[in-house]
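S.K.: Structure incoming, see below.
The values are calculated or read from the model by the stated rules, or taken from the named source; none is laboratory data. As the structure is a computational prediction, the values presented were derived from the model and not from experiment. Backbone-built Cβ (ideal geometry, glycine too); neighbour counts: all protein chains shown.
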Amino acid sequence: MVGARPTAENLVPIRLDIQFEGQRYKDAFTWNPSDPDNEVLVFAKRTVKDLKLPPAFVTQIAQSLQSQLSDFRSYEGQDMYTGEKIILIKLDLRVNHTLIKDQFLWDLNNFESDPEEFARTLCKDLGVVDPEVGPAVAFAIREQLYEIAIQSVASARESRLTKKGRRGSDHGSASKASGLPIDLMKLFSFKSSVVRKRKDLDVYEPVVDLLTNEDVDALEAREERRAR
């Protein structure tokens with residue numbers, strides 16, 4: 001069903017972890033950077049109302065979300081190192097009672113699938129029934145793609161500076177040699193294929209475990225101690 005496929009929506013991976021007035025709000029979701037900025041405040045107010053958080057959380061949530069969107073937009077138009085097109089994506093997630101581990105190669109040159117579609121297929125193939133697992137898998141993929149994009153921009157910048165030092169002020173040649181202008185909107189609305197070769201099945205075989213209530217309690221207690 002083509003209409004269900006994501007295109008230019010839900011592109012930016014956002015993480016919020018805010019502790020204020022003795023309460024904590026933690027969430028991870030995707031956001032369309034093309035949405036008007038006033039939607040950030042609308043989201044913050046709705047979240048505070050729905051979760052019955054203190055009113056001061058509105059400003060905290062809005063500022064954190066806006067800051068991450070500004071960071072994302074700051075990479076738009078910058079040179080991106082374009083050498084590596086096959087990248088390794090790793091999953092190690094716990095969503096409620098489901099623990100999922102996997103790794104696979106992601107081909108940025110082949111436009112046939114997308115993170116959300118891959119996540120739905122993976123959950124179906126593995127018999128995962130929790131509806132929250134699929135979105136979490138897709139988010140993890142998008143977050144790693146974003147990190148790789150940032151690293152690619154840094155690599156292009158370093159290459160450009162190195163070449164500029166060698167060639168004096170020949171900025172044009174150095175920039176052209178180091179990479180291409182990055183279009184984050186295209187990067188995060190692309191449909192790239194996943195490569196899982198037959199010979200890699202033993203190495204990259206997905207692992208899914210269903211945890212008991214005691215397992216979940218122990219993991220959450222451990223995560224809470226790390227947060228402190």
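S.K.: Kindly evaluate Leu105 against the criterion of being in contact with a Ser or Thr (Cβ under 9 Å, 6 or more places away or on another chain), in contact (Cβ under 8 Å) with a residue 12 or more places away in the chain and of a type in the set (A, V, I, L, M).
M.R.: no
S.K.: Still on this model: Scan (1) without any contact (Cβ under 8 Å) to a residue 24 or more places away in the chain; (2) under 15 Å from Leu88 (Cα atoms) for the single condition Gly134 breaks and write down its number.
M.R.: The single condition Gly134 does not satisfy is (2).
S.K.: Looking at Val128, Val58, which one is among the aliphatic types (A, V, I, L, M) and at pLDDT 95 or above?
M.R.: Val58
S.K.: Testing Thr47 on (1) outside any loop (DSSP other than H, G, I, E, B); (2) over 24 Å from Val137 (Cβ atoms), one condition comes back false. Which one is that?
M.R.: Just one mismatch for Thr47, condition (2).
S.K.: Oh, and also: Could you pull out the residue among Arg24, Arg5, Arg46 that is at pLDDT 95 or above, over 16 Å from the mean Cα position of the chain (by Cα) and basic (Lys, Arg)?
M.R.: Arg46
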